[in-house]
Amino acid sequence: MHISRRAFIQTTVIGGAGLSAFGFDVGPAYAQAKTLKIQRTTETRSTCPYCSVSCGVIIHTLGDRAKNAIPQVVHVEGDPDHPINRGTLCPKGASLEQDIVNERRLLKPAVRRPGSDRWEDISWDQAIAEIADRVKKTRDATFVEKDQRGRTVNRCEGIAFTGGCTDTNEFNYLVVKTMRSLGVVYLENQARV
Amino acid sequence: MPTGMLQIRAISAHPGGVPGRGVQREEEVCKYIDVTTCIGCKACEVACVEWNDMPFQQTTFDNTYQTMPATQWNYWNLIKFHEHQRDDGTQMWLMRKDQCMHCEDPGCLRACPADGAIVQYTNGIVDFQQENCIGCQYCVSGCPFDIPKFNSATKKVYKCTLCSDRVGQGLEPACIKSCPTGCLKFGTKSDMRALADARAKQLRDHSGFPNAGVYDPPSIGGTHVIYVLHDITKPELYGGLPANPQIPPTFTVWKRFAKPIALVLSLFAAPVAFFHYVSQGPKEPQPPPGLGGPGPSPGIGAKPAPGGADRVSE
């Protein structure tokens, strides 16, 4: 297609004038505020796992729990509806995202054998079997039926139980039932939830 | 252009007014920081790093509890620690959350030569638009608080956004939300100013700090981050908070005077060129010297420029 110099200038001028007249703004958008990264994330309420204050947190994960979406934690912040912290968090709690998305996070049970200098991974079944085995052995060895003055006490002094802060009321009820039935008296948890 | 909560009030280096300005009523927002109840836990630092997806990094140790000496391009919020001995010999441990102050008259915005690299929203937030940033770092020298920080890898400057993404959606900034002692609060500027005044009065009347006051420096038109200080007469104690922050006068001279004058003068260029053409005629190709003609002869003893001689010989 041949365009003469005159036609080219005419087209340019008339076209440019037309664009200007009808208000084509080719300038940049002056501010593009970042979109909210938690706009459509799935919110999951949970409890901070660190101290006994047991602050409520909201864990934001990618996706809407559709079957094909694999959720990934993108943000954790305080739960404003939680009566204990009302949305606030301490620095450890505020870093919970790094607690979850972390290559060093423990995902399966590990054991360090007596005398060993390293941890080895074991299966859940094996871990539970070994714990049960040791509980039985320790209880048999340290169970006290009667104290020095002959009174029946039925206690197991060789085992102690310590609970974590995310243990719920219901869980701790079961803990107390189980441990008392074994005769455990050194029983403590820091849970307030 | 963002709608809703974030309307633009000022654009850096932008000729003319702000498009669409002044059509909506909007409250100004403000951060309230009560340094007297800060415990230096740094939850705000962590919340800032986490929300803005900046790397968790190794900290420095320089015999204080401070995370690092100063804010960085990817660390926008830093508690500054200072051990202060009072006149009566007792010790005070001062902690101040250092971040962008979101000035009413921002030195960075005034210094910036790139159109649209820094904007100020009508709610008072000063926000950097990195896609328009040219990396000249004038904002660094224009800031009275040493806040904008340059990233030499991306050649852009970064700073606290007052969580404009959160505030634009009606949420509070991440640092404010995390604060466990409640020494950080967020709301409208008038509410925060009233809260700060009441707290300063309480400190003066009941807590033995007769000089307690609110840091909201009028020299830059006030800020959208205000502090309650034990001693308003010595803000320098709190990690070098300037008592009378000033925008360097060179930027005022440049942007307020030199630039408009130059714009007006540049308007004369076209008429001057036109009259020069009319009176002097078009510039003709100059014949080589020695062949005669009206061309300007080289000065006595001056050699002709080599480029000019080449062009003539072609």
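Considering only residues that are more than 11 Å from chain B (Cβ to nearest Cβ) and without any contact (Cβ under 8 Å) to a residue 40 or more places away in the chain, which ones fall in the range A:74-109?
If the condition is that a residue be more than 11 Å from chain B (Cβ to nearest Cβ) and without any contact (Cβ under 8 Å) to a residue 40 or more places away in the chain, then A:Asp81, A:His82, A:Pro83, A:Glu103, A:Arg104, A:Arg105, A:Leu106, A:Leu107, A:Lys108, A:Pro109 are the ones that fit.
Every residue in the range B:61-90 that is under 30 Å from A:Ser95 (Cβ atoms) and over 26 Å from the mean Cα position of the chain (by Cα), please.
B:Phe61, B:Asp62, B:Asn63, B:Thr64, B:Tyr65, B:Glu83, B:His84 - these are the residues of the range B:61-90 that are under 30 Å from A:Ser95 (Cβ atoms) and over 26 Å from the mean Cα position of the chain (by Cα).
Is it true that some residue in the range B:44-67 is part of a strand (DSSP E or B), charged (D, E, K, R) and in the same structural domain as B:Met101 (by TED's automatic domain parsing)?
No: the range B:44-67 contains no residue that is part of a strand (DSSP E or B), charged (D, E, K, R) and in the same structural domain as B:Met101 (by TED's automatic domain parsing).
Give all pairs with beta carbons closer than 6 Å in which a residue from the range B:23-36 that is in the same structural domain as B:Leu203 (by TED's automatic domain parsing) meets a residue that is surrounded by fewer than 22 Cβ atoms within 10 Å (Cβ to Cβ) and of a type in the set (Ser, Thr, Tyr); count only pairs at least 6 apart in sequence or on separate chains.
Pairs that qualify, where the first residue is in the same structural domain as B:Leu203 (by TED's automatic domain parsing) and the partner is surrounded by fewer than 22 Cβ atoms within 10 Å (Cβ to Cβ) and of a type in the set (Ser, Thr, Tyr), are B:Glu26/B:Thr122; B:Glu27/B:Thr188.
Find the strands (runs of 3 or more DSSP E) located wholly in the range B:138-203 whose residues include 2 or more that are touching a residue at least 60 places away in the same chain (Cβ under 8 Å) and within 14 Å of another protein chain (Cβ to nearest Cβ), and list them.
B:184-188
Return yes when B:Ala200 is out of contact with any strand residue (DSSP E or B) (no Cβ under 8 Å at 6 or more places or on another chain), farther than 30 Å from A:Cys48 by Cα and among the hydrophobic types (A, V, I, L, M, F, W, C) and no when it is not.
no
Please determine whether any residue of the range B:41-63 is crowded, with 20+ Cβ neighbours inside 10 Å, more than 10 Å from chain A (Cβ to nearest Cβ) and under 22 Å from B:Val225 (Cα atoms).
Among the residues of the range B:41-63, not one is crowded, with 20+ Cβ neighbours inside 10 Å, more than 10 Å from chain A (Cβ to nearest Cβ) and under 22 Å from B:Val225 (Cα atoms), which makes the answer no.
Would you confirm whether any residue within the range B:66-84 is farther than 23 Å from B:Phe150 by Cβ, without any contact (Cβ under 8 Å) to a residue 40 or more places away in the chain and either of a type outside the set (Asp, Glu) or surrounded by 12 or more Cβ atoms within 10 Å (Cβ to Cβ) (or both)?
For the range B:66-84, residues farther than 23 Å from B:Phe150 by Cβ, without any contact (Cβ under 8 Å) to a residue 40 or more places away in the chain and either of a type outside the set (Asp, Glu) or surrounded by 12 or more Cβ atoms within 10 Å (Cβ to Cβ) (or both): absent.
Anything in the range B:173-194 that is touching a strand residue (DSSP E or B) at 6+ places or on another chain (Cβ under 6 Å) and over 17 Å from B:Cys48 (Cα atoms)? List them, or say none.
Matches in the range B:173-194: B:Lys189, B:Met192.
Tell me whether the range A:119-134 contains one or more residues that are of a type outside the set (Phe, Trp, Tyr) and in contact with a helix residue (DSSP H, G or I) (Cβ under 6 Å, 6 or more places away or on another chain).
For the range A:119-134, residues of a type outside the set (Phe, Trp, Tyr) and in contact with a helix residue (DSSP H, G or I) (Cβ under 6 Å, 6 or more places away or on another chain): absent.
Checking B:Phe209 against (1) away from chain A (no Cβ under 14 Å); (2) modelled with pLDDT of 95 or more; (3) in contact with a helix residue (DSSP H, G or I) (Cβ under 9 Å, 6 or more places away or on another chain), which test does it fail?
Single failed check for B:Phe209: (2).
Exactly one condition in (1) closer than 23 Å to B:Gly221 by Cβ; (2) away from chain A (no Cβ under 14 Å); (3) in contact with an Asp or Glu (Cβ under 9 Å, 6 or more places away or on another chain); (4) of a type outside the set (Lys, Arg) is not met by B:Met92; state its number.
The one condition B:Met92 does not meet is (1).
Of everything in the range A:138-193, what is of a type in the set (Val, Ile, Thr) and under 34 Å from the mean Cα position of the chain (by Cα)? Give them in sequence order.
Listed by number, the residues that qualify are A:Thr138, A:Ile159, A:Thr162, A:Thr166, A:Thr168, A:Val175, A:Val176, A:Thr178, A:Val184, A:Val185, A:Val193.
Looking at the range B:242-268, I want the residues that are over 21 Å from B:Gly142 (Cα atoms) and have a partner that is loosely packed, with under 10 Cβ neighbours inside 10 Å and not hydrophobic (A, V, I, L, M, F, W, C) with Cβ atoms under 9 Å, at least 6 apart or on another chain. Which pairs are those?
Pairs that qualify, where the first residue is over 21 Å from B:Gly142 (Cα atoms) and the partner is loosely packed, with under 10 Cβ neighbours inside 10 Å and not hydrophobic (A, V, I, L, M, F, W, C), are B:Leu263/B:Pro15.
Which of the following residues is closer than 30 Å to A:Thr41 by Cα and at pLDDT below 95: B:Gln85, B:Gln58, B:Gln91?
After applying the criteria, what remains is B:Gln58.
Which residues, counting only those in the range B:122-137, are more than 10 Å from every other protein chain (Cβ to nearest Cβ) and part of a loop (DSSP other than H, G, I, E, B)?
Residues satisfying the conditions are B:Thr122, B:Asn123, B:Gly124, B:Cys133, B:Ile134, B:Gly135, B:Cys136, B:Gln137.
With the checklist (1) surrounded by 13 or more Cβ atoms within 10 Å (Cβ to Cβ); (2) over 28 Å from B:Cys108 (Cα atoms) in hand, flag the one item B:Ser219 doesn't pass.
Unmet for B:Ser219, out of (1) surrounded by 13 or more Cβ atoms within 10 Å (Cβ to Cβ); (2) over 28 Å from B:Cys108 (Cα atoms): (2).
Do we find a residue being in a helix (DSSP H, G or I), among the β-branched types (Val, Ile, Thr) and not assigned by TED's automatic domain parsing to the domain that holds A:Ser54 anywhere in the range A:126-133?
Taking every residue of the range A:126-133 in turn, at least one turns out to be in a helix (DSSP H, G or I), among the β-branched types (Val, Ile, Thr) and not assigned by TED's automatic domain parsing to the domain that holds A:Ser54.
The values are calculated or read from the model by the stated rules, or taken from the named source; none is laboratory data. This is a predicted model, so every value here is computed, not measured. Positions of Cβ are generated from backbone atoms using ideal geometry, with glycine treated the same way; all protein chains shown enter the neighbour counts.
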